[in-house]
Ligand SMILES: [Zn+2]
């Protein structure tokens, strides 16, 4: 600390400090809103968290897949571009995806922040998102719903559903009372999705890991990655996420809590 023995210097310091913090407050109050990048392997429960964020915090869920499909049906210049790329069978370029995200998130409902699902997929897209966040005065945080792969495999291979009521069972974690039939519809044999074989699940998880690890590293390196233990109940996971968001909001709006 500097010259704390000089009362005048302390006074000036305090004034400067308080001015500084007020400036931060003014500046950061605009930036209170957060862009939440949700990351999670297939079956980790990322979609449930996105739904809860929408229901309980009013944060719209922006899924690039859904958006591209919706845009392709409109009559705008960007829609023509999306249709042309889709028709050619090529991948949608980073540049085009970011423009779609930019267009969607510039609407009124995203002013208070939003949740991204399926974007960014690459480091290039993540960098583009930083620029977008800067323009929109928003802050990017990443939340990883983390579940170890062997558990995800058991979740997926054990999953069975009732064809009548849609009730979901799991032969490992939530078995029906009688083998392979719904508790409420004993006449209905439970369905096992063809996609839920161990081989297919392993491929899905390997693809996820390969695509996502660089992004996890990226957000980890900039200390913006929240690890959420995804083996817990959805409500418990959400409570932690909610708390982290409140803390983050508090930090950015209150100068004292910085660092
Ligand atoms: Zn049933």
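How much length, in nm to one decimal, is gained on full extension between residue 70 and residue 123, taken as 0.36 nm per residue of separation minus their Cα-Cα distance?
Going from the current span to full extension adds 16.6 nm.
If I stretch the segment between residue 194 and residue 239 completely, what's the gain in nm (0.36 nm per residue apart, minus their alpha carbon distance), one decimal? List each step's numbers first, then the result.
Numbers: separation 45, 0.36 × 45 = 16.20 nm, distance 3.40 nm.
Contour length minus Cα-Cα distance gives 12.8 nm.
Quote the relative contact order of segment 128-240 in percent (integer), defining contacts as alpha-carbon pairs under 8 Å separated by 6+ residues.
Over segment 128-240, the number comes to 32 percent.
At a threshold of 8 angstrom on Cα-Cα distance, excluding pairs fewer than six apart, so keeping six or more, what relative contact order does segment 48-179 reach in percent?
It comes to 20 percent, rounded to a whole number.
At what distance in nm do the modelled label points of residue 130 and residue 111 sit from each other, each positioned 7 Å from its Cα along Cα→Cβ?
Placing both labels 7 Å along Cα→Cβ, they lie 2.8 nm apart.
Label residue 150 and residue 92 with points 7 Å out from Cα along Cα→Cβ: what is the distance between them in nm?
So the label points at residue 150 and residue 92 sit 3.8 nm apart.
Test of understanding: ordering 88, 106 by Cβ neighbours within 10 Å, fewest first, what list do you get?
88, 106
Could you tell me the center-to-center distance, by alpha carbons, between segment 103-161 and segment 169-236 in angstrom?
18
Values quoted throughout were computed directly from the atomic coordinates according to the rules given, and no laboratory measurement underlies them. Predicted model only: the values in this text are computed from it and were never measured. Positions of Cβ are backbone-derived with ideal geometry, glycine not excepted, and every protein chain shown enters the neighbour counts.
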